[in-house]
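The values are calculated or read from the model by the stated rules, or taken from the named source; none is laboratory data. No experiment lies behind these values; they were computed from the predicted model shown. Glycine gets a Cβ as well: all are built from the backbone with ideal geometry, and neighbour counts include every protein chain shown. With ligands, DNA and RNA removed, areas are computed over all heavy atoms of the protein, side chains included. Shrake-Rupley method; radii C 1.70, N 1.55, O 1.52, S 1.80 Å.
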Amino acid sequence: MSQTLIETPERTGNITSVVAPALPATGERKGLTKKEIAADHPTWCPGCGDFSVLALYFKLIEKRKLRHEKITTVAGIGCSSRFPYFVQAHGVHYIHGRALPFASGISLSRPDLHVFVFGGDGDAFSIGGNHFTHTARKNIKLTYCVMDNWVYGLTKKQTSPTSPLGFKSKTDQWGAVDYPINPMKQAISAGATFVARTTHTNPNHVLAMMEAAMDHEGFSFIECLSECVEFYEGAFDASNPRKGGVFNEVPKTHDVTDELAAYKLAGTDFPGYFGIFYKTSKPTKNAKEAEIIKSYQSKVTGQKDWQILQKNFDRMK
Ligand SMILES: Cc1ncc(C[n+]2csc(CCOP(=O)(O)OP(=O)(O)O)c2C)c(N)n1
Ligand code: SF4
Ligand SMILES: [Mg+2]
């Protein structure tokens, strides 16, 4: 890595906190090129939709002039979750379903970073289902992009929570009998403050959704359809105009602050709509915790860390 400007946490009073540094003015440091951010050759199957999502993440990094030390890519386990391996910057390939709690810790302790989390439908809605709900309700500032392929890809074709009824897999040889979840409805009802939907076959749209999500002050969720050509070929053809399908954008008349309207939009039969369904503004956990820390710091001025700790222990006796 050629970039060297790494901001370190500064000590403020007795509690270690990170002071958000201003980004250097454009032009001071050159923006990164794709060559500088692309790591190992992705190991996905040729034609996998995940390639497109990765390429657009690189585009976002280039366009928004993110520096190596400001890129944070977190994932769980799955084909899609291999994502951080392929980004030449800081990232974590974490435990299946547990990417969000890990990413929440980064977000809360490093307000100068924007944290991106990538993963699959199994990772997000099956094993990680409760983390999805709780991260959304806490409104933690990060972007969660779920690469939804309606199947467990890495483990070679099991039914996922988004697989449609009748889908034949290794776990449902006679066709899936469980009703699939609707990720958009789930995100809205859990309290996500930014909820958008896109598809890997429309690169400009994916980039636009990533940018809008990154600019959102709170938990931003993107469901990105990403075809698994190996185990669910053609799943999203109906949403791809090049395959005879239709790509319908969210109607211009839709009010993104209207939760009920967003919920209704989310209930439209496949291929449904693409774009921002819901966006609202409410204080993040990040802001609330920062406020608590600030007010606590004013009460312990002049005391050493161990003295503060001792007092807390004494109180617990
Ligand atoms: C705790 C745990 N349980 C199960 C697994 C096995 N496992 C790995 S990936 C995966 C599901 C992958 O599906 P998805 O999240 O949709 O990602 P995709 O591969 O489709 O991109 C499972 C069940 C695991 N690695 N760890
Ligand atoms: S198995 Fe499916 S999801 Fe995994 S890399 Fe291959 S095409 Fe992509
Ligand atoms: Mg999947």
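If I model a spin label as a point 7 Å beyond the Cα along the Cα-Cβ vector, how far apart are those points for Glu28 and Arg242 in nm?
4.1
Under 20 Å between alpha carbons, and skipping anything fewer than 8 positions from Lys156 in its own chain: which aspartates and glutamates qualify?
By straight Cα distance, Lys156 reaches Asp50, Asp121, Asp123, Asp148, Asp172, Asp178, Glu227, Glu230, Glu233.
Set the bar at 30 Å for Cα to Cα. Now go through Lys35/Lys288; Lys65/Lys279; Lys34/Lys141 and name every pair that lies beyond it.
Violating the 30 Å Cα-Cα cut-off are Lys35/Lys288.
Accessible area per residue, 1.4 Å probe, Å², for the stretch 49-199: what's the number?
I get 35 Å² per residue for the stretch 49-199.
Over 31 Å between C-alpha atoms is what I'm after, so list which of Lys59/Lys282; Lys70/Lys282; Lys243/Lys282 land there.
Checking Cα-Cα distances, Lys243/Lys282 exceed 31 Å.
Treating cross-link reach as a plain straight distance, find the aspartates and glutamates whose alpha-carbon is under 14 Å from the alpha-carbon of Lys63, omitting any fewer than eight places away in the same chain.
Leaving aside aspartates and glutamates fewer than 8 places away in the same chain, those within reach of Lys63 are Glu36, Glu211, Asp215.
In whole Hz and in residue order, list the ³J(HN,Hα) couplings for the stretch 235-248 that follow from phi through the Karplus curve 6.51 cos²θ - 1.76 cosθ + 1.60, θ = phi - 60°; x for Gly and Pro.
With coefficients 6.51, -1.76 and 1.60, one gets 3, 10, 3, 5, 9, 10, x, 6, 10, x, x, 10, 10, 9 Hz.
What is the percent carbon and sulfur in the accessible area of the stretch 246-317, measuring with a 1.4 Å probe over the protein chains and ignoring ligands?
With neighbouring chains kept in place, the figure for the stretch 246-317 is 58 percent.
What is the gain in length, in nm to one decimal, between Gln173 and Lys317 on full extension, counting 0.36 nm per residue of separation less the C-alpha to C-alpha distance?
That works out to 46.0 nm of additional length.
Which percent of the accessible heavy-atom area of the stretch 119-184 goes to carbon and sulfur, probe 1.4 angstrom?
Ligands and nucleic acids excluded, carbon and sulfur reach 55 percent.
Using a cut-off of 17 Å between alpha-carbon atoms, which lysines can reach Lys294, once sequence neighbours fewer than 8 places away in the same chain are excluded?
Lys285, Lys304
In nm, what is the difference between 0.36 nm times the number of residues separating Ala38 and Lys156 and their Cα-Cα distance?
39.8 nm
With r defined as the distance between the Cβ atoms of Phe51 and Lys288 and R0 fixed at 35 Å, what FRET efficiency is calculated, to the nearest 0.05?
So the FRET efficiency works out to roughly 0.35.
Quick one: if you take sqrt(5λ) for each eigenvalue of the C-alpha gyration tensor of the chain, what semi-axes come out, biggest first, whole angstrom?
36, 23, 20
Considering the options Ile127, His114, Gly166, tell which one lies farthest towards the positive end of the dipole of the chain, charges being +1 on Lys and Arg and -1 on Asp and Glu at the Cβ, about the Cα centre.
About the Cα centre, the residue reaching furthest to the positive side is His114.
What distance in nm separates the two pseudo spin-label positions at Asp255 and Ser298, each 7 Å out from Cα along the beta-carbon direction?
3.8
Of all beta bridges DSSP finds with both residues in the chain, what is the antiparallel percent, to the nearest 5?
Percent antiparallel among DSSP bridges in the chain is about 25.
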